[in-house]
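Trainee: I'd like to ask you about the structure that follows.
The values are calculated or read from the model by the stated rules, or taken from the named source; none is laboratory data. What you see is a predicted model, and the numbers here were worked out from it, not measured in a lab. For neighbour counting, all protein chains shown are included, and Cβ atoms are generated from backbone atoms with ideal geometry for every residue, glycine included. For accessibility, only protein heavy atoms count, side chains too; no ligands or nucleic acids. Shrake-Rupley method; radii C 1.70, N 1.55, O 1.52, S 1.80 Å.
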Amino acid sequence: MAPAGRPATTRFPLPHPGYRGAVTVDEHSREITRSPTTFHWGRYEVVTSGGEIVALEPDPADPDPSPIGPGVAEADRAPYRITRPMVREGWLTGSGTRGGDRFVAVRWERALDLTARELDRVRTRHGNAAIYGGSYGWGSAGRFHHPQSQIHRFLAMAGGYTASVNSYSQAAMEVVLPHVIGGGPRSLEERGPSWPEIVDHAELVVSFGGLAAKNAQMVPGGPSRHTQVSWQRAAAGAGVRFVNVSPVRADTEPDLRARWVPIRPATDTALMLALCHVLLTEDLADTDFARRCCVGFDRFRDYVLGTADGCAKDAEWAAAITDIPAGDIRDLARQIAAHRTVINLAWSIQRQDHGEQPYWAGIALAALSGSFGRPGGGPAAGLGIAETGVRGHWSIAALPQPPNPVSPAMPVARIADVLLHPGATIDYNGARLTCPDIRLVYWAGGNPFHHHQDLGRLARAWQRPDTVIVHEAWWNANARHADIVLPVATPLEREDLALGSSDTTITAMHRAAAPPADVPTDHRVFAALAERLGFAERFTEGRTERQWVRELYERTRTRLAASNVDLPDFERFWTDGSASLPEREMRHDGGAFAALRADPDAHPIATPSGRVELVSDTVAGFGYPDCPGMPVWLEPAEWLGAAGAARHPLHLVSNQPRTRLHSQYDGARASREAKVAGREPVDLHPDDARARGIADGDVVRIHNDRGACLAGARLTDAVRPGVVVLATGAWYDPDADGLDRHGNPNVLTRDAGTSRLAQGPTPGTTLVEVSPAGPDPAPVRAFEPPEIVETEPAPGHHGPAHHCPAHGAGNHGAGEKR
Ligand SMILES: Nc1nc2c(c(=O)[nH]1)N[C@H]1C(S)=C(S)[C@@H](COP(=O)(O)OP(=O)(O)OC[C@H]3O[C@@H](n4cnc5c(=O)[nH]c(N)nc54)[C@H](O)[C@@H]3O)O[C@H]1N2
Ligand SMILES: Nc1nc2c(c(=O)[nH]1)N[C@H]1C(S)=C(S)[C@@H](COP(=O)(O)OP(=O)(O)OC[C@H]3O[C@@H](n4cnc5c(=O)[nH]c(N)nc54)[C@H](O)[C@@H]3O)O[C@H]1N2
Ligand SMILES: [Mo]
């Protein structure tokens, strides 16, 4: 143990394997160097001088670079960087709470020994299913250091782990669409119309959830060029008209001159059903396609017309729900029938209670529209996000994964339920899953205290396991709620290779700076743990990091050679900084669904019937009242038409942030400069603000029965009255009473599944009230590290938690409420 007051030695115990004979950063040279790198928001050139990064310059080939990039290097040297391994003091003494304690700085040897011993204790005593390795979330763009690949390989070799299925992005569509149109979870993105097709053939794009340019900045793996918005403009230039169905006007670019249909949030299904009603009753529906290429048309029609339940889903019915005038609904239906139309569905509309329904109803609307299976028409998912609709997919060979012997995987967004209710069952897509008794949570890549809903509830659930281990570079809420914090190198401090999905440039990511205090990469941490657990050779396969990067490149090269694509050898690639792949031919013929339209018997799709399933006997057979066998309007748990709206009369839209990727780099320039009074900005309509005595720039308190946060008011008539918009990603900063001082919407959002079918997340189903925060609102502390001590406590009377699980290691056994 280090003597009091003297910092522990923190050098990483294993020799540095990655950079032997490789390009290293010479900290003494004043020479200016330039090297390429890639983030999910684009490709940049890193300019260094004397080992310090002085600039990040967007790749000159990128016509529309993201403003997020240039400022992010500052986070690597910020006070909230973690430079030494840390252990929560209360975990050592068997007391305290996660998220509320001080941390003890320890030597690397000690941190690694504690981690390996605890993993071994849990797997031996409770079995590998007691280790939650779901570790959901984004990491950084490099494919070798992709943290989920690293942690899953490591935990699978350690005997397995409880994994997660589906995503926070798209869970409802990932599960429902295979029942409706067949194929895998991305079946609609892959088969929707491409932008060149839209430019040439479409006349109308009706987009539920808009085509927000802010969301086109991100492409998983990193884009070398951002072209999404220029395609939208090209379409507008070719005469395509856009309709933005969204509570937010800014969800389409002004130069598209879109018609704004300011819908009440969470009511898209009702609008879609009413559009179908107009098509059916005005004899505009494509009944030929619906009868030949779909199953269940008659039952769906009976539901829409009200023959079945006595309630016609007509324009007047929908007007009362959506707050869109019935005349506008009828007019929109006629426009859809008269034109080659894309029905685009943003992913946001399924991140809601019954989120399966708007996707299913959107397919039904497209099926009746006359454009399904015709070039430049039909249903699309996520057009406007990333480079959807732009180019085909190449990919880099992934880090090899051994099979994970533990099952079942749990629906990712049900994490708090799983932790709180071991032994309980969760219905999911026809199965019934039993929650394992999780004793250890291990996270590398992803931030549950960013992505999950109802963070107060998550913080309670987080008290249950014996141990939480996290790899993080920064003191964000993910690190603060852990017991063992293992700091890791950032993308600029390691070597890797990257390729954006739908991109054509592979980037050689050079190491541009040295990490502080010899902080290792995720891979080196796992290699050191594997050594302690006896499988180091299997984990590293004897390769250095540079050799792994080369290996993944060579595997990619071999695979592409089979498609007659030649890549240069590794040395050349590494020296050049990039390698180019050919542009893929973009589809131009109506795609997969054109064949279905032409001859459904000869070209069935991969559903049980081979047709588009307007009614699914499979889903109906599950007997879920919250997701019956066809698209229906089911009232959400919270919405502006609900009884609860009297107490909390504003609908919270918590969308993707313009100035960062989720919570990543919230402390860096682009995000910081957009804050209002130091808080996350919340957009509200001037009428709603006036009624509450709120002026532009005020600090406000947003609250409901689940929680409360402070935020900075921004008044704008670009949101419809009754709606407030608070983007995700402000670092969670709770005070002692749970008030988040910074503006993280997930203290307010609802933590319940979309339905028994997909169990997806439902942050879009959230009502709130907003009030002035009053004088002297508490300052934001999110970017100040927690209190750190240098000396390990003497074991308390409980003894170290991990040695004495009988004494309720952590707070296992505690109920949901504290
Ligand atoms: N209210 C609300 N909540 C939402 C959403 C919403 O619309 N509304 N959207 C949801 C969606 S779509 C998503 S995808 C999720 C996103 O949720 P996340 O993917 O969890 O969010 P990020 O902030 O990107 O978290 C990435 C974390 O990984 C860390 N990291 C980055 N690179 C590395 C690495 O190489 N190694 C290690 N060890 N760590 C690394 C970063 O520091 C960061 O803490 O949020 C979901 N949450
Ligand atoms: N800059 C930036 N871009 C990103 C990300 C990021 O963090 N930052 N995250 C990426 C990720 S992981 C994902 S999954 C995608 C997500 O892509 P989306 O899910 O499409 O993105 P959101 O911004 O959540 O939602 C899009 C818009 O839908 C509108 N909307 C909200 N609720 C409703 C509703 O009930 N009905 C209708 N009609 N509209 C509604 C909102 O105004 C919102 O701006 O974005 C990606 N792009
Ligand atoms: Mo996402």
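Trainee: Among (1) closer than 24 Å to G160 by Cβ; (2) away from ligand 2 (no atom under 16 Å from the Cβ); (3) of a type in the set (V, I, T), there is one condition V412 misses while meeting the rest; what is its number?
Mentor: Only one criterion is unmet by V412, namely (2).
Trainee: Oh, and also: Can you find a residue in the range 572-589 that is open to solvent by 60 Å² or more (accessible area, probe 1.4 Å), part of a loop (DSSP other than H, G, I, E, B) and at pLDDT 95 or above?
Mentor: Checking the range 572-589: not a single residue is open to solvent by 60 Å² or more (accessible area, probe 1.4 Å), part of a loop (DSSP other than H, G, I, E, B) and at pLDDT 95 or above.
Trainee: On to the next question. Somewhere in the range 632-640, is a residue without any contact (Cβ under 8 Å) to a residue 60 or more places away in the chain and of a type outside the set (D, E, K, R)?
Mentor: no
Trainee: Let me ask something additional. Looking at the range 472-524 only, could you name the residues that are of a type in the set (G, A, S), under 23 Å from the mean Cα position of the chain (by Cα) and either modelled with pLDDT of 95 or more or more than 16 Å from ligand 2 (Cβ to nearest atom) (or both)?
Mentor: Result: A473, A477, A479, A482, A489, A498.
Trainee: Oh, and also: Can you tell me how many residues within the range 80-99 are over 17 Å from S671 (Cα atoms), of a type outside the set (A, V, I, L, M) and part of a loop (DSSP other than H, G, I, E, B)?
Mentor: 9
Residues checked against (1) out of contact with any Asp or Glu (no Cβ under 8 Å at 6 or more places or on another chain); (2) open to solvent by less than 10 Å² (accessible area, probe 1.4 Å); (3) of a type in the set (V, I, T); (4) assigned by TED's automatic domain parsing to the domain that holds T388:
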position: P436; (1), (2), (3), (4): yes, no, no, no
position: P448; (1), (2), (3), (4): yes, yes, no, no
position: R457; (1), (2), (3), (4): no, no, no, no
position: I469; (1), (2), (3), (4): no, yes, yes, no
position: S502; (1), (2), (3), (4): no, yes, no, no
position: V525; (1), (2), (3), (4): yes, yes, yes, no
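Trainee: Restricting the search to the range 666-698, which residues are out of contact with any Gly (no Cβ under 6 Å at 6 or more places or on another chain) and among the hydrophobic types (A, V, I, L, M, F, W, C)?
Mentor: Result: A674, V682, L684, A689, A691, I694, A695.
Trainee: Ok, one more. Evaluate the range 317-328: report whether one residue or more is among the hydroxyl-bearing types (S, T, Y), in contact with a Ser or Thr (Cβ under 7 Å, 6 or more places away or on another chain) and modelled with pLDDT of 95 or more.
Mentor: yes
Trainee: Looking only at residues in the range 146-190 that are open to solvent by less than 30 Å² (accessible area, probe 1.4 Å) and among the β-branched types (V, I, T), which one is nearest to ligand 1 (Cβ to nearest atom)?
Mentor: I151
Trainee: In the list F297, F208, which residue meets the criterion of being within 24 Å of W360 (Cα to Cα) and out of contact with any strand residue (DSSP E or B) (no Cβ under 6 Å at 6 or more places or on another chain)?
Mentor: Unique residue meeting the criteria: F297.
Trainee: So, one more: Out of the strands (runs of 3 or more DSSP E) lying entirely within the range 678-751, which hold 3 or more residues that are under 14 Å from S654 (Cβ atoms) and of a type outside the set (D, E, K, R)?
Mentor: Of the strands (runs of 3 or more DSSP E) lying wholly inside the range 678-751, those with at least 3 residues that are under 14 Å from S654 (Cβ atoms) and of a type outside the set (D, E, K, R) span 681-684, 723-726.
Trainee: Would you mention how many residues in the range 123-160 are more than 16 Å from ligand 2 (Cβ to nearest atom), over 29 Å from D353 (Cα atoms) and in a loop (DSSP other than H, G, I, E, B)?
Mentor: Final tally of qualifying residues: 8.
Trainee: Still on this structure: Could you look through the range 761-783, keep only residues that are among the small types (G, A, S) and within 16 Å of ligand 1 (Cβ to nearest atom), and pick out the one that is nearest to M173 (Cα to Cα)?
Mentor: G764
Trainee: Here's something else I'd like to know. Sort through R538, R480, R464 and tell me the only one that's open to solvent by 10 Å² or more (accessible area, probe 1.4 Å) and out of contact with any Gly (no Cβ under 8 Å at 6 or more places or on another chain).
Mentor: R538
Trainee: So how many residues does the range 322-369 have that are under 13 Å from A270 (Cα atoms), in contact with a strand residue (DSSP E or B) (Cβ under 9 Å, 6 or more places away or on another chain) and away from ligand 2 (no atom under 16 Å from the Cβ)?
Mentor: Adding up the residues that qualify gives 1.
Trainee: Starting from the range 83-107, keep only residues that are over 15 Å from V470 (Cβ atoms), then list their pairs with residues that are open to solvent by 40 Å² or more (accessible area, probe 1.4 Å) and among the β-branched types (V, I, T) whose Cβ atoms are within a distance under 6 Å, requiring at least 6 positions of separation or different chains.
Mentor: Final answer for the pair search is A105/I788; R107/T9.
Trainee: Yes or no: A758 at pLDDT 95 or above and within 16 Å of ligand 3 (Cβ to nearest atom)?
Mentor: When the stated conditions are applied, A758 passes them.
Trainee: Looking at A270, A250, A216, A202, which is the one that is surrounded by fewer than 24 Cβ atoms within 10 Å (Cβ to Cβ) and in contact (Cβ under 8 Å) with a residue 40 or more places away in the chain?
Mentor: Step by step, each of A270, A250, A216, A202 is checked, and only A250 is surrounded by fewer than 24 Cβ atoms within 10 Å (Cβ to Cβ) and in contact (Cβ under 8 Å) with a residue 40 or more places away in the chain.
Trainee: Take the conditions without any contact (Cβ under 8 Å) to a residue 24 or more places away in the chain and outside the structural domain of D120 (by TED's automatic domain parsing) and apply them to P185. Does it pass?
Mentor: Yes: the conditions hold for P185.
Trainee: Can you tell me which residue within the range 654-681, out of those that are open to solvent by 30 Å² or more (accessible area, probe 1.4 Å) and within 11 Å of ligand 2 (Cβ to nearest atom), is nearest to the chain's Cα centre (by Cα)?
Mentor: H662
Trainee: Another one. R143 - would you say it is crowded, with 21+ Cβ neighbours inside 10 Å and either among the charged types (D, E, K, R) or within 11 Å of ligand 1 (Cβ to nearest atom) (or both)?
Mentor: The answer is yes for R143.
Trainee: Tally the residues that are crowded, with 23+ Cβ neighbours inside 10 Å and on the phi > 0 side of the Ramachandran plot, restricting the search to the range 708-738.
Mentor: 1
Trainee: Only one of (1) surrounded by fewer than 19 Cβ atoms within 10 Å (Cβ to Cβ); (2) within 28 Å of the chain's Cα centre (by Cα); (3) assigned to a helix (DSSP H, G or I); (4) more than 16 Å from ligand 1 (Cβ to nearest atom) is not met by P67, so which one is it?
Mentor: Here P67 meets the rest and fails (3).
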